1. So which strands (runs of 3 or more DSSP E) stay within the stretch 1-73 end to end and still have 3 or more residues that are under 26 Å from the mean Cα position of the chain (by Cα) and of a type in the set (A, V, I, L, M)?
2. Quick test of your reading of the structure: Phe114 fulfils all but one of (1) under 13 Å from the mean Cα position of the chain (by Cα); (2) of a type in the set (Phe, Trp, Tyr); (3) at pLDDT below 95. Name the failing condition by number.
3. Which ones in the stretch 109-164 are among the basic types (Lys, Arg) and closer than 22 Å to Gln65 by Cβ?
4. Within the bounds of the stretch 143-152, is there any residue that is within 24 Å of Gly164 (Cα to Cα) and polar (S, T, N, Q)?
5. Can you tell me which residue within the stretch 132-187, out of those that are among the hydrophobic types (A, V, I, L, M, F, W, C) and at pLDDT below 95, is farthest from Arg95 (Cα to Cα)?
6. For the stretch 79-107, give me each residue that is crowded, with 16+ Cβ neighbours inside 10 Å and more than 15 Å from Ala47 (Cα to Cα).
7. Identify, from the list Arg67, Arg95, the residue that is within 26 Å of Met173 (Cα to Cα) and either touching a residue at least 12 places away in the same chain (Cβ under 8 Å) or out of contact with any strand residue (DSSP E or B) (no Cβ under 6 Å at 6 or more places or on another chain) (or both).
8. What number of residues within the stretch 15-60 satisfy the criterion of being basic (Lys, Arg) and surrounded by 12 or more Cβ atoms within 10 Å (Cβ to Cβ)?
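The values are calculated or read from the model by the stated rules, or taken from the named source; none is laboratory data. Owing to the predicted nature of the structure, the values given are computational and were not obtained by experimental measurement. In this analysis, Cβ positions are derived from the backbone assuming ideal geometry, glycine residues included, and neighbour counts consider all displayed protein chains.
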Amino acid sequence: MSEIENPWKVTGKKEVYSNPWISLTEFDVVNPGGGKGIYGKVHFKNAAIGVIALDEDLNTYLVGQYRFVLDAYSWEIPEGGCPEDQETYLEAAQRELLEEAGLTADNWTELLRFHLSNSVCDEHGIIFLARKLKQGLASPEETEQDMRSKKVPFSEAVAMVNDGRITDSISIMAIQKVQLMILLKEI
């Protein structure tokens with residue numbers, strides 16, 4: 001990613017916690033200034049995948065669910081995880097769109113690659129734009145049984161980002177990227 005040499009020196013490490021989705025490792029380090037200390041890293045075992053579905057009338061599809069970690073309800077674009085050794089990012093995006101919104105698409109474009117909270121975790125992800133949509137039946141996972149789906153004008157999704165009704169970072173990135181593409185007449 002960079003030609004700059006890593007100024008951090010690792011003198012020891014121990015795994016503190018692990019489950020099927022994440023692990024937490026504590027490192028003994030010498031920082032770039034020469035001081036000794038510790039650094040914690042959360043490793044994500046799946047890539048984050050987001051899908052912004054846009055129909056020919058510039059409507060998009062949001063899904064809502066109660067997020068355990070936030071202890072709050074959240075409206076988002078369809079998203080989920082991609083086990084890197086089991087499916088491609090595109091296959092995961094197609095699966096998530098069908099599971100959560102009941103949609104398939106004939107046209108797929110990769111929009112963004114990103115890192116989330118890169119000071120404490122290595123989570124990375126990819127956002128896709130899905131076009132030429134066909135409605136089918138959603139089949140949410142067990143943890144998503146409370147999930148609702150709704151079609152909204154894309155301008156409403158932008159308003160939801162701007163007024164704080166959408167706070168999910170993957171959704172914000174996707175909506176703002178598509179908004180820019182619309183302004184630049186790329187869509």
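1. Correct list: 46-53.
2. Just one mismatch for Phe114, condition (3).
3. As a first pass, look at the stretch 109-164 and keep what is among the basic types (Lys, Arg): 113, 131-132, 134, 148, 150-151.
Of everything in the stretch 109-164, those that are among the basic types (Lys, Arg) and closer than 22 Å to Gln65 by Cβ turn out to be Arg148, Lys150, Lys151.
4. Within the stretch 143-152, one or more residues are within 24 Å of Gly164 (Cα to Cα) and polar (S, T, N, Q).
5. Out of the qualifying residues, it is Ile187.
6. Scanning the stretch 79-107 gives Leu97, Leu98, Glu99, Glu100, Ala101, Gly102, Leu103, Ala105.
7. Details: Arg67 fails: either touching a residue at least 12 places away in the same chain (Cβ under 8 Å) or out of contact with any strand residue (DSSP E or B) (no Cβ under 6 Å at 6 or more places or on another chain) (or both).
After ruling out the rest, the residue left standing is Arg95.
8. The total comes to 2.
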